[in-house]
1. Explain nothing, just compute: Karplus ³J(HN,Hα) = 6.51 cos²θ - 1.76 cosθ + 1.60, θ = phi - 60°, for every residue of the range 126-136 in order, whole Hz, x for Gly and Pro.
2. Between Lys141 and Arg107, what is the FRET efficiency for a Förster distance of 22 Å, r being their Cβ-Cβ separation, to the nearest 0.05?
3. Please list 56-63, 164-171, 137-144, 12-19 highest first by mean number of surrounding beta-carbon atoms within 10 Å per residue.
4. In a shell of Cβ-Cβ distance under 10 Å around Ala172, excluding Ala172 itself, what net charge do Lys and Arg (+1) and Asp and Glu (-1) give?
5. Using amide H atoms built 1.01 Å from N in the peptide plane, name the residues 5+ places from Phe114, or on other chains, whose amide H lies under 5 Å from its own.
6. Mind giving me the nanometre distance, one decimal, between the label points for Asp121 and Thr70, set 7 Å out from Cα along Cα→Cβ?
7. Calculate the dipole size of the chain relative to its Cα centre from +1 charges on Lys and Arg beta carbons and -1 charges on Asp and Glu beta carbons; express the result in debye to the nearest 20.
8. As I understand it, the dipole of the chain uses +1 on the Cβ of Lys and Arg and -1 on the Cβ of Asp and Glu, about the Cα centre. Which of Ser20, Leu110, Leu61 lies farthest toward its positive end?
Amino acid sequence: MASVEFSRLLSFFKALSDESRLKIVGTLAANERSVEELATLLELRAPTVSHHLAKLKEVGLVEMRSEGTTHIYLLNIAALRTVAKEVLALDTIESFAEDVVSDAWERKILDDFFDGQRLKDIPASRKKREVILRWLAERFKPDKRYPEKEVNTIIGRHHSDFATLRRELIGAKLLAREAGVYWRL
């Protein structure tokens, strides 16, 4: 997500992350109001309400119109809908994590459980074991058929309990077996 767009969304969330501002938005959703009316309804001081309205106006959620010497505030429903639609779109939510390195956790698991190419222990945790099994599966070429003895040799290079790991690879549907011949799925 572009940093400008991300900053805009962050400003939107910050503006709504205050209880008083949320109450103001809720009150304005029902009816337009002056600062004095909002202050009375929300039991806040007028300068405090003005401060919150300024924050909401910055992000385009609130608009103001003059009625003589009184400023009347109203909720910008179109802006609220637009931002909500953008923010709640799955693509937008996924883009929040663009800077996160997606395989960092898996690399940490591999670093923790391997000493070079040698697997120190088979993880007890299912999620960690799946990372190890995916790594082991990559040792097999996708379009090649392997006799069981060769599978045992390949797995045995990384851990002595090749039988358990072979069964785990099949159970995880990373390898398939038929009549003593194995292949990577």
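Computed from the coordinates by the stated procedures, all read-outs in this text should not be read as laboratory data. Keep in mind it's a predicted model, so treat the numbers as computed, not measured. Counting neighbours? That spans all protein chains shown, and the Cβs are built from the backbone with ideal geometry, glycine included.
1. Taking θ as phi minus 60°, the curve returns 4, 5, 5, 4, 4, 4, 5, 5, 4, 5, 4 Hz for the range 126-136.
2. Between Lys141 and Arg107 the formula returns 0.45.
3. 56-63, 164-171, 12-19, 137-144
4. Around Ala172, the charge tally is +3.
5. Excluding prolines and chain starts, which carry no amide H, the hits are Lys120.
6. For Asp121 paired with Thr70, the spin-label model returns 7.2 nm.
7. Values: 31 positive and 29 negative charges, 218 e Å.
It works out to roughly 1040 debye.
8. Value computed over the given set: Leu110.
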